[in-house]
Amino acid sequence: MHRKLVVGNWKMNGNLHQLGEIAAIAKAARKAAGVDVALCPPFTLIAPAVARSNGLAIGAQDVHAAEEGAHTGSVSAAMLKEAHARLVIVGHSERRAENHETDADVRAKADTALRHGLQAIVCVGESETDRAARDHVAVVTGQLKGSLPEDAHEGELVVAYEPIWAIGTGNVATPDDVAEMHAAIRAALVERFGERGGRIRILYGGSVKADNAAAIFAVEDVDGALVGGASLTAAQFVPIIQAAAG
Ligand code: 13P
């Protein structure tokens, strides 16, 4: 059993008016003992969110692999550090799809994040077609092979399993589906990093809500959740944090 980590991914949602939600989430997170909580708003909200975070870890949803230079529209790890971000999500399926990010791109981003002292959440997950073809485990372990950084100790690296068909659809994976995949991811992490691989946290993501969170957290090798829609308000996110606290 690891201490659970619950991360909110606001995606392209959130403006200054919603900082009050972040303050309310931070307040509840402080009270919930035994669980780590983080929130990843859009880049524009990182610095103002940190100012309201009361110690809640604030992170980004992407980072460029390069240190600096001619990369219009991108943000570097040093910039994130300067804004006091503590973590970054890399390889989210929406970025893999919309921005054509490959496993190699994701690995380069994870390496850069870790080099700068940012915790990296590496996302993997199969499509509905992969699952229908019963290729889901092979697809995800293949993504891990290509996307994981060269080396990482367990505090820095987190893996998030997000089946694409469960994201934003309300179709949460069954506990059996989650158990099968998290066991496969755990085995891949141990094969890759040895004993340390046993301590890297594996999050589940995809339609996690207050009413299904406890069942997901009870599954073996589920060390927390990456939450999209239900992280946008304290009213929906706080019960998930509390479910992780046990
Ligand atoms: P939802 O919780 O909205 O399904 O999103 C999951 C996700 O993609 C988090 O990164």
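Only the coordinates and a few stated rules stand behind these numbers; no lab work does. Predicted, not measured: the structure shown is a model, and the values here were computed from it. We place every Cβ from the backbone using ideal geometry, glycine too, and count neighbours over all the protein chains shown.
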Subject >> Order by protection proxy (mean Cβ within 10 Å, highest first), peptides 207-214, 7-14 >> reply: 7-14, 207-214
Original post:
lysines within cross-link reach of Lys81: Cα-Cα under 16 Å, excluding same-chain residues under 8 positions apart?
Top reply: Lys109
Subject >> Estimated dipole of the chain in Debye, rounded to 20 [Cβ of Lys and Arg +1, of Asp and Glu -1, Cα centre] >> reply: 880 debye
Original post:
Over region 73-115, how many percent of alpha carbon pairs lie in each 5 Å bin up to the one with the longest distance?
Top reply: 5, 22, 29, 24, 15, 4
Original post:
Ranked by Cβ crowding within 10 angstrom, fewest neighbours first, how are Tyr161, Tyr204 ordered?
Top reply: Tyr161, Tyr204
Original post:
In the P(r) worked out for region 1-88, what percent of Cα pairs fall beyond 19 Å?
Top reply: 39 percent
**OP:** Any chance you could list the semi-axes, whole Å, largest first, of the equivalent ellipsoid that the Cα gyration tensor gives for the chain, using √(5λ)?
**Re:** 24, 22, 17
Subject >> Dimensions in Å of region 118-189 - Rg and Dmax from alpha carbons >> reply: 12.4, 36
Original post:
Kirkwood Rh, Cα Rg: Rg to Rh for region 156-236?
Top reply: 0.99
**OP:** Using per-residue counts of other Cβ atoms within 10 Å, averaged over each peptide, order 86-94, 140-148, 168-176 from highest down.
**Re:** 86-94, 140-148, 168-176
Original post:
Which of Asp221, Asp177, Asp105 moves the most in a Gaussian network model of the chain with Cα springs under 10 Å?
Top reply: Asp177
